[in-house]
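Here is the structure we will look at.
Values quoted throughout were computed directly from the atomic coordinates according to the rules given, and no laboratory measurement underlies them. As the structure is a computational prediction, the values presented were derived from the model and not from experiment. Positions of Cβ are generated from backbone atoms using ideal geometry, with glycine treated the same way; all protein chains shown enter the neighbour counts.
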Amino acid sequence: MSIPVRKSLCVDALVASVYRQFQKIPDPRKLPQTAPISFTDVLMSGLAVFGLKFPYLLKYDISILASREAVFRSVRSSSFCSLEFF
């Protein structure tokens, strides 16, 4: 018996899914529609602070990019990797 694996199950996909769900929540604040920060962004900031242990979501994005660059550099500098593929 094989267990199906979801290829879209990663942090980026989960954050995008949460974002779509947060967009469905109406803004309870009594602010004009031109408020500088959307309620969805406020909720995403809360997710970053409490759920992901980052002070803000941009810090999470920077961390993910830095780790991807480190992996890329590591793979590129390894002796078994041909530079033809990059």
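Here are some notes:
- Exposure proxy shown here: for Val75, Val15, the number of other Cβ atoms within 10 Å sets the order, fewest to most, as Val75, Val15.
- Length available on full extension from Leu47 to Tyr19: 0.36 nm per residue minus the Cα-Cα distance, which gives 9.1 nm.
- Inter-label distance, nm, simple model (7 Å from Cα along the C-beta direction), Cys10/Ala66: 2.0 nm
- With neighbour counts taken as other beta-carbon atoms within 10 Å, the residues Asp41, Asp12 rank, fewest first, as Asp12, Asp41.
- Sorted ascending by nearby beta carbons within 10 Å, beginning with the fewest, Ser38, Ser74 become Ser74, Ser38.
- Given their separation in residues at 0.36 nm each and the Cα-Cα distance between them, Val75 and Leu58 gain 3.5 nm when the chain is fully extended.
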